[in-house]
Amino acid sequence: MITLAEHRGITKPVLARLQKLGIFDVQSLLLHLPLRYIDETRITPIHDLRSGDQVQVEGEIVHAEVQYRPRKALICRLEDASGQLSLRFLHFYPSQIAALKVGSRLRVFGEVRGGFFGWEMVHPQYRAVRAQEPVVETLTPFYPTTAGLSQATLRKCIAWALQQNALAEILPAAIYEKLGLPSFADSLLALHHPSPETNLQSLQDRDSAAWRRLAFDELLAQQLSMRRHYARRRSLGAAAFKVSKQLVPALLQSLPFALTAAQIRVVAEISRDLAQAHPMQRLLQGDVGSGKTIVATLAALQALENGWQAAIMAPTEILAEQHYRKMQGWLAPLGIEIAWLSGSQGKKERIASLEQVASGAAKLVVGTHALFQEQVQFAKLGLAIVDEQHRFGVHQRLALRQKGTQPHQLMMSATPIPRTLSMSYYADLDVSVIDELPPGRSPVATKLVSDARRDEVLIRVRVSCQQGRQAYWVCPLIEESEALQLQTALDTYALLLASFPELRVGLLHGRMKPKEKQAVMAAFTAGEVQLLVATTVIEVGVDVPNASLMVIEHAERMGLSQLHQLRGRVGRGSEKSACILLYQNPLSKSARARLKIIYESNDGFEVAKADLALRGPGEFLGIRQSGVPMLKIADLERDAALLKAASGLADKLLQENPQAVEQHLQRWLSQSQELVKV
Ligand code: ADP
Ligand code: MG
């Protein structure tokens with residue numbers, strides 16, 4: 001097939017800009033699909049304009065001037081037989097002033113809004129026309145583009161690509177017929193050159209048959225590439241760990257609680273994987289407080305008993321420290337040595353830890369991302385566990401895996417991932433779910449309280465602490481400035497200290513030295529500190545069962561998952577717990593939506609589903625920046641049925657038609673999108 005560079009119409013600069021858009025060949029050019037459509041098939045009389053309409057208007061410029069107040073702007077008035085419309089340009093070139101001079105006849109396209117002087121369009125697209133020039137006959141596609149690449153150039157390139165004999169079906173047509181989907185060629189033509197009868201709305205909403213066909217192909221490509229990845233890793237060798245006969249039973253016996261049925265099930269799933277001679281790739285999901293730490297510890301013991309090391313990495317110092325203590329408590333009686341590694345530890349201590357890890361004296365290593373730095377050499381790493389995995393970048397996770405030849409990998413997450421998402425973006429992982437909380441937990445009562453009623457909240461905190469319970473006071477999140485965030489925490493602390501002279505109040509924030517943080521957390525855990533004023537550093541994993549009240553200030557600024565995680569810090573003991581969300585009016589629409597969801601649901605799964613709907617998969621999974629290619633066409637909610645069909649078909653194709661698999665992947669994954677999933 002001809003390459004883009006060989007096409008005469010595509011100059012070097014155009015080629016470079018196309019590449020910036022991820023377009024490298026005819027296929028990716030064909031699959032560069034419109035963002036929206038412009039209806040230039042009609043001309044709307046100015047008299048008929050309505051606010052918010054996207055329309056084309058034709059007329060003559062009757063007035064043009066550059067204004068300097070309130071800011072520099074080029075203002076023109078366009079007149080047709082029925083009325084006048086203002087055009088406003090805030091950025092413009094001298095060439096535009098010339099094109100928009102009085103007497104010019106133009107077709108302009110843009111969104112109409114009611115301005116101070118009647119109808120107005122801001123930065124409309126425009127072009128000069130002759131009188132009586134016929135209108136275009138098809139809807140005009142508007143493509144995503146980059147600086148210096150005009151819509152006209154893109155349209156020309158794509159029109160050329162459509163003629164390059166690259167529209168053939170790869171898979172048997174019967175597959176698509178059965179799903180009621182049109183052919184590849186018809187779909188692309190319908191999207192790039194929609195006929196005038198096409199329903200603009202269903203094109204824009206992307207639920208026309210053509211869009212659905214391409215969404216299906218995209219989902220299929222994702223399924224195929226994920227499965228291939230999975231198979232490739234599956235074919236690697238790893239140490240097989242026999243089921244533990246001593247350490248696991250010994251730890252279970254010493255625990256003050258019995259595992260829940262869900263924990264028993266996932267422990268068995270993990271144990272079975274570890275006994276295989278290829279690396280485990282398992283994601284352990286469980287809501288906040290469902291007891292993932294003990295499951296991870298039991299997995300580690302299986303590796304240890306087989307003579308291998310295990311490592312547990314946590315995203316924050318506080319959480320890693322807490323794991324370290326907890327595991328010390330559980331494992332020291334079994335005679336197991338644990339090494340501690342963190343970025344903030346002293347040089348001497350660090351050297352000692354590194355030595356423990358390298359010699360293999362320490363069988364279990366707990367720490368922060370300091371774990372995968374270069375100097376860390378494991379004697380024999382057999383299992384890498386990543387807690388709160390979504391907090392780490394892909395590369396950080398990869399780096400830890402590379403510390404062993406082929407260690408088994410267990411990733412843990414408190415963010416329950418809705419089924420459509422795990423079927424797509426996590427299709428290359430095995431998933432275990434803890435779907436049950438330990439017994440005796442009572443659901444946290446969530447209350448929404450306007451900031452105007454702070455005093456009542458203060459009374460409640462006092463009473464609660466005087467009754468021997470403990471409370472968190474979470475300071476507002478200030479994303480713009482860390483310094484301001486710190487200042488706010490200090491102010492809040494001072495205020496609460498003054499309000500509660502009779503209580504022991506502690507402060508915890510991100511800028512404290514690790515030693516200070518440890519001391520405060522230890523005091524809170526021991527019950528010496530009654531009220532802990534904290535920034536969101538306590539968000540992940542902190543576990544103090546006696547704390548039964550949480551106040552979150554400016555809850556309207558926080559994300560849903562974050563609120564759910566924070567709330568999960570209480571309700572961990574048998575005491576009835578409450579979470580008070582203080583908010584400041586007026587609330588934005590999205591803040592109101594978030595608070596409503598968190599108020600109505602205690603179920604992490606429901607919260608996650610709502611969060612996904614509000615933010616979309618890229619933000620939700622934190623994968624937008626991770627190098628995992630995002631679905632561009634398919635929408636997992638809308639196209640759930642297509643996803644299911646694609647998933648079934650992928651298995652069949654891999655078995656029966658590897659050649660078609662290869663071709664389909666080539667069409668859909670351009671070289672820029674090679675999967676880097678770990
Ligand atoms: P998460 O899943 O959020 O990481 P943790 O592992 O921190 O949860 O567990 C929360 C708390 O529940 C801990 O104090 C833990 O010791 C306790 N726990 C775990 N499993 C059980 C169980 N089966 N019964 C009672 N308590 C449990
Ligand atoms: Mg945890």
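Residues in the range 254-268 that are over 20 Å from THR415 (Cα atoms) and surrounded by 19 or more Cβ atoms within 10 Å (Cβ to Cβ): none. Where residues in the range 433-468 are out of contact with any Lys or Arg (no Cβ under 6 Å at 6 or more places or on another chain) and of a type in the set (Ser, Thr, Tyr), which of them is nearest to SER225 (Cα to Cα)? Ranking the qualifying residues of the range 433-468, first place goes to THR446. In the range 562-581, the residues that are without any contact (Cβ under 8 Å) to a residue 12 or more places away in the chain form no Cβ pair under 6 Å with any partner that is open to solvent by 10 Å² or more (accessible area, probe 1.4 Å), whether six or more places apart or across chains. Does LYS347 count as over 25 Å from GLY286 (Cβ atoms), in contact (Cβ under 8 Å) with a residue 40 or more places away in the chain and either within 16 Å of ligand 2 (Cβ to nearest atom) or not small (Gly, Ala, Ser) (or both)? No; evaluated as a whole, the condition is false for this residue.
Only one entry in ALA210, ALA152 is open to solvent by 40 Å² or more (accessible area, probe 1.4 Å) and not assigned by TED's automatic domain parsing to the domain that holds LEU78, namely ALA152. Kindly evaluate ARG233 against the criterion of being in contact (Cβ under 8 Å) with a residue 12 or more places away in the chain, assigned to a helix (DSSP H, G or I) and away from ligand 1 (no atom under 16 Å from the Cβ). Criteria met by ARG233.
Cβ separations smaller than 9 Å between residues 6+ apart or across chains give the following pairs from the range 285-296 residues that are under 15 Å from GLY604 (Cα atoms) and in contact (Cβ under 8 Å) with a residue 24 or more places away in the chain to residues that are more than 6 Å from ligand 1 (Cβ to nearest atom) and basic (Lys, Arg): VAL288/ARG567; VAL288/ARG569; GLY289/ARG441; GLY289/ARG569. For the range 364-390, the set of residues classified as closer than 18 Å to ALA238 by Cβ and not small (Gly, Ala, Ser) consists of PHE378, LYS380, LEU381, LEU383, ILE385, VAL386, listed by residue number. Of the residues making up the range 286-320, those that are within 14 Å of ligand 2 (Cβ to nearest atom) and open to solvent by 10 Å² or more (accessible area, probe 1.4 Å) are ASP287, VAL288, GLY289, GLY291, LYS292, THR293, PRO315, THR316, ILE318.
Look at the range 380-403 and say how many of its residues are open to solvent by 30 Å² or more (accessible area, probe 1.4 Å), at pLDDT 90 or above and either among the β-branched types (Val, Ile, Thr) or closer than 21 Å to GLN345 by Cα (or both). Qualifying residue count for the region: 0. When the range 439-489 is filtered for residues that are among the charged types (D, E, K, R) and over 27 Å from the mean Cα position of the chain (by Cα), the ones remaining, listed by number, are ARG441, LYS447, ASP451, ARG453, ARG454, ASP455, GLU456, ARG460, ARG462, ARG469.
Taken as a whole, the range 111-124 holds at least one residue that is at negative phi, open to solvent by 40 Å² or more (accessible area, probe 1.4 Å) and free of Cβ contacts under 8 Å to residues at least 12 places away in the same chain. Reported count of residues in the range 258-316, each being more than 12 Å from ligand 1 (Cβ to nearest atom) and either within 21 Å of ALA332 (Cα to Cα) or part of a loop (DSSP other than H, G, I, E, B) (or both), is 22.
Could you list, in sequence order, all residues of the range 537-571 that are more than 16 Å from ligand 2 (Cβ to nearest atom) and under 25 Å from the mean Cα position of the chain (by Cα)?
ILE552, GLU553, HIS554, ALA555, GLU556, ARG557, MET558, GLY559, LEU560, LEU563 - these are the residues of the range 537-571 that are more than 16 Å from ligand 2 (Cβ to nearest atom) and under 25 Å from the mean Cα position of the chain (by Cα).
The residue of the range 90-108 that is modelled with the lowest pLDDT, among those that are surrounded by 15 or more Cβ atoms within 10 Å (Cβ to Cβ) and part of a loop (DSSP other than H, G, I, E, B), is PHE92.
Counting only strands (runs of 3 or more DSSP E) that sit completely within the range 429-480, those holding 1 or more residues that are within 16 Å of ligand 1 (Cβ to nearest atom) and open to solvent by less than 30 Å² (accessible area, probe 1.4 Å) correspond to 430-434, 470-474.
The values are calculated or read from the model by the stated rules, or taken from the named source; none is laboratory data. Just so we're clear, the structure is a prediction, and the values are computed from it rather than from any experiment. Positions of Cβ are generated from backbone atoms using ideal geometry, with glycine treated the same way; all protein chains shown enter the neighbour counts. Ligands, DNA and RNA are excluded from the accessible area calculation, which covers all protein heavy atoms including side chains. Shrake-Rupley method; radii C 1.70, N 1.55, O 1.52, S 1.80 Å.
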